[in-house]
Every structure is written in C-alpha cells, then in structure tokens.
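Accompanying notes for the structure given below.
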Amino acid sequence: MKFLFSFLFAGSIIMKCTSAEPCAGGDSDTFAEIATNPTCILNKCQGDCDSDSNCGPGLTCYERSGNAAGPPGCNGTPENNWDYCYVHSECAGGDSNEYVDIDVSPLGCALSKCQGDCDSDAECGIGSKCWQRSNDDAPGPLQCSSGTPFEDWDYCYKLDDEKCLGSGEMTFSYLVSGTDKCNFASFAEKLDASKSELCTDSGEKILNDLLGSDATDKIKDLCEDAYANTDATSLFSDISNKGFEFDNEYYSGGTFWNYEIETNDGDNNLKDSSARVGRVFREEAQRSIINLPTYLPSFDPEQDGCDMNAAFCCWSQDRQARDNNGNCNTPYDSQCIDKDPGDNANFCYADHSRSSPATHVAGGFSIFGDIQNGEENIEGSIHCHGFAWGDDARDSSSIYKGNNLFFISMYDHMYTRGYVRNAPGSAMCGCAENMAVVTRADCTEIESEEEFKLSYDAGTSVFSVELLRIVDVDFNACNGVDADGNDDNNDLESYYRRLVEEGRASQSNFEKLQKILVGTDAGKCNAAIVEFMEEQGIVQSSTSAATATKGDSKEVKVIDPAYENASEGGDGDMPDAPAEFVKGEFETEEASPEAESGLDELDEDLKVESTTDAENLIMPGDGARSINNDTSTVSEGKCKAYCDRDATTTWEEKCNWVRCKGCDQCDDLN
C-alpha cells in the first residue's frame, strides 16, 4: 500500500509521497476530462485538478475561470471551469526589464517577466501575474522600464519585485501625454494608476519619497529642462530667413511684405513672396517650439522680456483679394489700393517713444480722437489681434508664445488674409507696452499635446524627465471672461482676466494691460487721450472740457467676417485656411525667385543694406551679449540698440546701415 505524506520541517523542506496511480490515457496534447475530484494522478492536459498535487511529476495545475483559455500545449476545447495539468516551462528569454512580445496566444511556455501577451495569471511563470491593459494608451507594469508595450497587449510581472517605489529598489519608466501634463500632479496621478495592488502608498508619497519634501519644485525644474533640451525647436529668424534688418522692419510695418500690392499681371503675389511662411506653418509651427524673437526691439527692447506677458498686432491695410477678409478686390490696380482690413478696434493714441527702437521715431505722439467735439473712431478701419501667456515658464501659453506670434502676425493675418502696415508712430506688432493704445484686440490661445517620459534609475538614484515629442499645437480663439463673469471669447482683455482668475497671471499686470486696451464703451478712447495729454503737460481749456470725454462713438463691433462667428472659442474654430493650404494641394504652391531674394527688395526709402547671415545670427540666450545701459558706447539718440546687439556683423558692415551710422564705432572708422 502507498501513502501520501507531507512533512513540513524547519527550513521549509517539503517531502511529498504519492499513493495514487497515474490516470488512464497518459500524457496527451488534447484536453481530457477525468473527474472533478480525481483519485488518480492526472497526466498532461487532463483535468479537473485543484492544485499541483493532483498532477504528475513536472506538471503544474493550470487554474481557469469560466470558459477562459486552457493551458499552453493543450489542444481542443476545455470543459467550462475545469482546470488542467500542463508542462510549465518558461518562454525563451527569461525575465527582463524590457517589453518582449512573444505571441498573442503563447503556447507551450509560461511567459516570463515583461513578456506578453498574457490573458490570465495562469499564462505567467511561477510568482508572476498578468498585468491587464484596457487599451493602447494604458500603462504597463512599472518594472518593465524599457521599450513600449505593443498595442493593447498584457504583460507578466513579478510579484516580489512590485514593491512601493519609495523603497528606492525599483527602476521604472512610463509615458505621460496630453496638455500641460509635465507637473507633479500629473506624474503622481500616473503612478497611482500604474503601481501594483501590493503597494498601498499614493503616487504623491512615492514621488516625495524619491525626491524629498521639495518634490514639486524639482519636478518643475526637470520639466523646464525637458523643454530646454528638446530637439523639437525652431528659430524665429529662420521663418523669413532674411536676417535681422528684414525681421525688424517687417514688425515695424515695412519691407515688401507690407508695402507691395499685387498687379493685374500677377506680379508681387503675396503667396509667392512669403511662401516660406506657409511651409513653416505646415512643417514647424504645429510640431515644434518657436521661441519669441527677443532679438527684435519690438519684443524685448530692454532685454528683460515683455513686461505684461502680452503682445498684439494692429494692421491698417489689406493687400490681398479673394480671401473673404478686408475690402481689397480685383482688379488689383484699381480695387486694392489703400484698402481696409476688417474693422474690430479703434486707435486712441500712439506714444512714439514706446516703440522708437522699432519704428525709428524718437518721440512725439499721434492722436486718433477728436477731443474738442467728443468724437472717436476717426482713423478708419483697423484690425488688432493678440495673445497672452502665463507666468509659469512651463505653461503651454508661455512655451509656445513664439508659435502664437508667428501664427497671428505672419500666417493667419498676412499670409492668409493679406493684412499689413502699421499705424503712424506705432510698431505693427510688439509687446503690449510698446504698442499704441487701442480699444480692444481679438485673441488666439494655444492648446498643445505633448509626450513626456518619466524615469527613475534605482542604481544611480537619478530621476529624469524627457520631452519625447510634440504631438500637436493647435491655435484656437481664446476662451475669456468679461468683467461680469460671463463667457467672452476671442477677446484679449477677457482672456487675460481668465488667466488671472486661474492663478496663471498677476492682477497688477492685468491692470497695466487695461491701460493699453481701454475698452469699447463710448468715451473711453477720448478719456485715455485726455489722461495721456495731461501727462505730457497739455491741459484742456475750460471751453472744451465739457465735451472732451462725452464721446459720440458707439461700442466697437467685431465685423471681420472670419471672426464674427468665433464665439465658442478653444475648439479649433479659427478661420479656415484657403483652399491652397488643404492637404494634398500643398505641392501646388511654389515660391517665385523673388521670395528668396533676401533684402534686395526692402523699401527703397529705408535705404537699408543688410549683410547679416540669418543662419549665423546669435540670439540672446545663445551666446549673444545684451546691451548694458551703464557701459554702452552707443551715442544717445543717434545709435539704435540693435546696432550694438548684433554680434555677428562687423562694424565696417553695420556702419553702412542708416540707423547705425550715428554710433561711436562708426565715427572711429571715418
């Protein structure tokens, strides 16, 4: 007689003796149902087993639930809820920290750590479980720190390895994607979703254990570094590829992009001469970071950034027909001379000293209101459009502010609509504090989708964040809030108010912006003019005081048809691009030779000669020095700041530029 004994000794030695005979039929590759409580020892692919003790030597009991798949190496259809004995051998490759794709239905082997595709724990090796993923984007087990899981496959992981990450014994890596996701909260949320049930710590505690009490600030620094070190960047100077002088004059309202008008014969076609703008939009602006052009005086005259974290453009002419914007029409020679853009704002006044580095006008002012008679809106049609960004350098509105400037100023309004030229005494585009005072401006905001990789190496205790790719950058009409708390979209002031309410911008900067965008109510423009004139020491006479701020103008309405219906905001409802931009038709657009002709076609009146090589232009932050007001040798009132700032051109060459001839360095050369 044979007996089944189990002895447990100190030291965990288990001895097993068997008394039952093997079941009839022997090992097989086909499912065989012996009994629900077999009295014999089950062979390969026989069932129903309750534990490994029901199976013969070298076999393991494959436990199933319902009609789940049977063990690898057995063919046919298993009985519902029955468990079967099978040969438990590890799949080739063994345990790994890298995702390994074995088979969608692996047969004949048990999956090792980080191998897939498993459907249940039974398909994983001893001491392992199957990590179930619900879709392609769901995370895999954290201990699989290298590679990417395939589609919606599930992977095995080791139970004894899946400890809480705060122990410092785990190397892990995972992806976070979406909008504004590079922050402590997003990473903690991802850890909560990715850790195993064996870890009871929260994702927040795990990060604090790894990084210390200042984990939030460290994550901020890591994210800033990730943005700074990404390869997905584009230089603003490469957009025109015509050098500093051209870019500076363009944003001041000059160059042939602003001055020329197409002829009836098709000469001076805007799409040809600015063909690079269309290509940059398609190939760069939606997939990379374009930095704000702080090398231009309009956007950083003192080398300290835009004071209010806001910028806008105002255009006074329309030079392109057949785009449903403005009143330029054909034939060009008679119907597109001095034509107007869609009117959406009023000029109040321009303080020339605000933008003198860009416009080359040292001082003075221009007034666009009739104070004596209380009239406003006397300047004709103008169109203003801008953007703003949050104080946090990691805010998408700040990261992509150069993209937004490019979209608004070059692509959406010049290239697409044909809006050009500046108001007298003001730059065409610039930081808000450098622009003319106006009633309002339309607004575009950024929505970006990015993919970050968060990694921790237990061996080196290094925690890192990497920006893998910029999935998409969208340009949408701004969602804003008016003074009464109501939704007010496509309005720069209302968008800035929303930034303040969300804690992304300061109240003090908002109040400064309201001095530039004074509002559309009747009389506000003239009131701003009166206040400015008093600051200049010019006071009203008593006879005009009664009518100075009364104002007869009505509230300004947005009549630009492309923006008239942009009331929802934030959902991609910006104006559609013309037909030639539609995918599949890009190849029809080719630049004429004039589009690549450099600075030769700058307005003759400017008499500007540029020898700056755009490819070698050194930007602030890339090694260029900024002007120091305490030590500069630039003669006040004679030499413009950009002459000293451009470190890539010799003074022999720069002294040929009209605005640099007054510099002391040029006197020394004469």
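The values are calculated or read from the model by the stated rules, or taken from the named source; none is laboratory data. Note that the coordinates shown come from a computational prediction; the quantities given were computed from them, not determined experimentally. Because the Cβ atoms are built from the backbone with ideal geometry, glycine has one as well, and the counts that use them run over all protein chains shown. We work out accessible area using only protein heavy atoms, side chains counted, and drop any ligands, DNA or RNA first. Shrake-Rupley method; radii C 1.70, N 1.55, O 1.52, S 1.80 Å.
A few comments on the model shown:
- Surface accessible to a 1.4 Å probe, per residue, for the residues of region 373-463, Å²: 21 Å²
- The dipole here belongs to region 218-358: it is taken about the Cα centre, uses +1 on the Cβ of Lys and Arg and -1 on the Cβ of Asp and Glu, and is about 380 debye.
- Inter-label distance, nm, simple model (7 Å from Cα along the C-beta direction), Asp307/Asn264: 5.1 nm
- Cross-link table Lys44/Lys129; Lys113/Lys453; Lys218/Lys515; Lys129/Lys181, entries beyond 32 Å C-alpha to C-alpha: Lys218/Lys515
- Expressed as a whole percent, the accessible area of region 234-295 that falls on carbon and sulfur atoms is 37 (1.4 Å probe).
- Estimated distance in nm for a label pair at Arg282 and Glu652, the labels positioned 7 Å out from Cα along Cα-to-Cβ: 4.3 nm
- Whether region 413-533 is rounded, prolate or oblate, judged on the alpha carbon gyration tensor where a/c under 1.5 counts as rounded: prolate
- Region 397-474: relative contact order in percent, alpha carbon pairs under 8 Å with at least 6 residues between: 23 percent
- Cβ crowding within 10 Å averaged over residues, with 363-374, 318-329 ranked highest first: 318-329, 363-374
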